[in-house]
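The values are calculated or read from the model by the stated rules, or taken from the named source; none is laboratory data. Just so it is clear, the model here is predicted, and its values are computed rather than measured. For neighbour counting, all protein chains shown are included, and Cβ atoms are generated from backbone atoms with ideal geometry for every residue, glycine included. Side chains are part of the model used for accessible areas, which takes the heavy atoms of the whole protein and leaves out ligands, DNA and RNA. Shrake-Rupley method; radii C 1.70, N 1.55, O 1.52, S 1.80 Å.
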Amino acid sequence: MKKIVTSLFASVALCAALPLQAHAELDVVKLKATIQTSVEIDYPKLDALYKDIHAHPEIAFQEVKTAAKLAAEMRALGFEVTEGVGKTGVVAIYRNGDGPTIMVRTELDALPMEEKTGLPYASHDKTTWNGRETFVAHSCGHDIHMASWVGTAKTLVGLKDQWQGTLMFIAQPAEEEVAGARAMIADGLFTRFPKPDAGFALHDGNGAYGYVSYRVGVGSSNVDGLFIRFHGRGGHGAIPQVTIDPVMMAARFVVDVQSVISREKDPTEFGLVTIGAIHAGTAGNIIPDEAIVVGTIRSFKPQVRAKMLAGIERTAKAVAAMADAPAPDIRLDEGTKAVVNDAAVVGTAEKVLKAAFGDKFNVAPANTTSEDYSEFVNAGVPSMFFNIGVYDPERVDTARKTGTPLPGNHSPLFAPVPKPTIETGVTAMTLAVLSAFDQRAGH
Ligand SMILES: [Zn+2]
Ligand SMILES: [Zn+2]
C-alpha cells in the first residue's frame with residue numbers, strides 16, 4: 001500500500017514538467033479523504049480529550065496529569081512510552097520496519113491567566129506559580145496541538161502499511177518559558193532515543209480554520225530577556241540635589257533605548273525591544289535607591305541581535321553616566337533562537353500540502369513571537385513548523401473588513417472551534433509526516 005504515497009509523489013513530480021495536474025491532485029485528494037474519514041471516526045474521542053485538557057490546564061513543568069493523559073493515549077495505540085523526560089516530557093516511539101525516524105512535537109503547558117471565553121468547557125482551575133496563586137488557561141491553544149498530535153498518531157498507525165520507519169512523538173513541557181525543549185534535550189532526548197531524520201510541529205492562531213500557513217527559512221524570532229537595575233541615591237522628593245534619581249534614569253532609558261531600534265538597527269531588518277515592567281519607589285515624596293526595568297528583545301538574524309544587545313547595554317550605561325550614578329547591573333539573558341525551517345523538508349511537504357489544501361495552504365510572513373522548537377532544529381533535526389487557523393472563515397473575513405482582529409493567542413478570549421481546527425491539524429500533520437517518510441525512504 002506504500003504505492004499510493006509513492007505514486008502520489010511521482011505524480012506531483014511529473015506535474016511540474018507535464019500538464020498532469022488533475023491526476024496528481026486526484027491522488028492527494030484520495031489520501032486526504034482517507035485521512036479525513038479516519039479522523040471523523042476518531043473525532044468523538046479527540047473532542048473529549050481536547051475538552052478535558054482544556055478544562056484542566058497545567059502550567060510550565062507542572063504538566064503531570066496532562067502528560068499522563070497523553071502517555072495513556074499513546075500506549076493504547078501501541079507506542080513505547082517514556083515519561084518524565086525533561087521533568088514532565090513524554091517520548092512515544094512506534095517502530096514500523098526499516099526507514100527514517102520522523103519526529104512530531106506538541107507542547108504540554110498552559111498559561112498563568114484567567115480564561116474569559118464563557119465556554120462550557122472553560123478552565124476555572126488555579127495553581128501556585130512563582131509563589132502566588134493564579135488562574136491557568138490554555139490560551140495559547142496547546143490543547144489543540146495535543147489533540148492533533150494524538151489524532152495524527154492514531155491516523156499514522158492506521159495507515160502503517162503506507163510507510164516504513166519510526167515515529168517519534170514527543171510532548172514537550174514549558175514551551176511558554178522557552179525552557180522545556182532544552183530540558184528534554186539535556187535529559188537525553190537524542191541520545192536515549194533515536195535522533196530524528198526530520199521533525200514537524202504546528203501552532204494554531206487566530207486565522208480561519210481549514211487553512212494552513214508556513215514559512216520558508218526563518219519562522220519565528222530570537223528572544224532575549226532584559227533586566228536592568230539602576231542604582232541611585234535615595235532621599236527627600238523636595239531635596240533632589242543631594243540624591244541621584246533612579247526613576248529619572250529608568251524613564252530616560254525606556255525612551256532612549258528605542259533609538260537603538262530606530263537609528264542603529266537597519267530599518268529593513270526586524271528587531272524590537274519592549275519594556276514590560278518597571279519597579280521603583282513607594283511614595284511620591286521619596287526618591288528611591290534603585291529602579292528596575294524588565295523587558296524583552298526580539299530579532300530574526302544573529303547580526304541584528306548582536307547590534308541591538310550592544311546598543312541596549314551602551315544606552316543603559318550612558319543613562320547612568322549622565323546622572324553621575326554608579327554603573328547599572330545589566331542582564332541580557334539569552335532566550336531561544338529563531339525557528340528556521342529546513343528547505344528540503346519544507347520542499348517535500350509543501351508539494352503534498354499544496355495539492356491537498358490548494359489555496360488554503362499559503363506562505364505567511366515570519367512570526368515576531370518566539371518558540372523553543374528552535375532548540376530541536378539547532379540540535380540537528382531538519383524541520384518544518386507550520387500554522388493552522390481556529391475560527392470560522394466568515395468571522396475572520398468580517399474581522400478583517402472591520403479592522404477588529406479576533407482574539408489571538410494569550411488573549412483570555414481565545415476560543416478555537418475544536419472540530420474543524422483539530423481535523424485540519426491531523427490532516428496536515430499526517431500528510432507532512434507521510435511526505436517525509438516517502439522522501440527519506442528513497443535516499
Ligand atoms: Zn504562547
Ligand atoms: Zn504557544
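Candidates are the residues of segment 146-165 that are part of a helix (DSSP H, G or I), closer than 14 Å to LEU431 by Cα and hydrophobic (A, V, I, L, M, F, W, C); the one that is most open to solvent (accessible area, probe 1.4 Å) is VAL157.
Scan segment 205-213 and tell me whether some residue there is closer than 23 Å to ILE59 by Cα and in contact with a Gly (Cβ under 9 Å, 6 or more places away or on another chain). Can you show your working first?
From segment 205-213, those closer than 23 Å to ILE59 by Cα are 205-206; that's our starting set.
Subsequent filtering for residues that are in contact with a Gly (Cβ under 9 Å, 6 or more places away or on another chain) retains 205-206.
The answer is yes, given that some residue of segment 205-213 is closer than 23 Å to ILE59 by Cα and in contact with a Gly (Cβ under 9 Å, 6 or more places away or on another chain).
The set of residues from segment 387-443 being assigned to a strand (DSSP E or B) and open to solvent by 10 Å² or more (accessible area, probe 1.4 Å) comprises just one member, ASN387.
Restricting segment 166-183 to residues that are open to solvent by less than 20 Å² (accessible area, probe 1.4 Å) and within 16 Å of ligand 2 (Cβ to nearest atom), which is nearest to the chain's Cα centre (by Cα)?
Filtering segment 166-183 down to residues open to solvent by less than 20 Å² (accessible area, probe 1.4 Å) leaves 166-175, 180-181.
Narrowing further to those that are within 16 Å of ligand 2 (Cβ to nearest atom): 170-175, 180-181.
Numbers: ILE170: 14, ALA171: 13, GLN172: 11, PRO173: 12, ALA174: 11, GLU175: 7, GLY180: 12, ALA181: 11 Å.
Within segment 166-183, the match that is nearest to the chain's Cα centre (by Cα) is GLU175.
Scoring HIS231 on the criteria (1) open to solvent by 20 Å² or more (accessible area, probe 1.4 Å); (2) under 23 Å from THR296 (Cα atoms); (3) within 33 Å of the chain's Cα centre (by Cα) leaves a single failure, condition (3). Within segment 340-374, being in a helix (DSSP H, G or I), touching a residue at least 24 places away in the same chain (Cβ under 8 Å) and either of a type outside the set (D, E, K, R) or within 16 Å of ligand 1 (Cβ to nearest atom) (or both) holds for ALA343, ALA344, VAL345, VAL346, THR348, ALA349, VAL352, LEU353, ALA355, ALA356, PHE357, SER374.
LEU202 meets the stated requirement of being of a type in the set (A, V, I, L, M) and under 25 Å from LYS301 (Cα atoms).
Listed residues ASP204, ASP161; which is under 16 Å from the mean Cα position of the chain (by Cα), among the charged types (D, E, K, R) and either over 19 Å from TYR373 (Cβ atoms) or within 16 Å of ligand 2 (Cβ to nearest atom) (or both)?
ASP204
Do we find a residue being away from ligand 1 (no atom under 16 Å from the Cβ) and either crowded, with 22+ Cβ neighbours inside 10 Å or within 22 Å of ALA55 (Cβ to Cβ) (or both) anywhere in segment 130-141?
yes
Comparison of GLY225, GLY210, GLY188 shows that the only residue that is part of a loop (DSSP other than H, G, I, E, B), open to solvent by 10 Å² or more (accessible area, probe 1.4 Å) and either more than 16 Å from ligand 2 (Cβ to nearest atom) or at pLDDT below 95 (or both) is GLY210. Apart from one condition, GLU83 fits all of (1) away from ligand 2 (no atom under 16 Å from the Cβ); (2) assigned to a helix (DSSP H, G or I); the exception is (2).
Restricting attention to segment 31-89 and to residues that are in contact with an Asp or Glu (Cβ under 9 Å, 6 or more places away or on another chain) and among the polar types (S, T, N, Q), the residue that is most open to solvent (accessible area, probe 1.4 Å) turns out to be GLN36.
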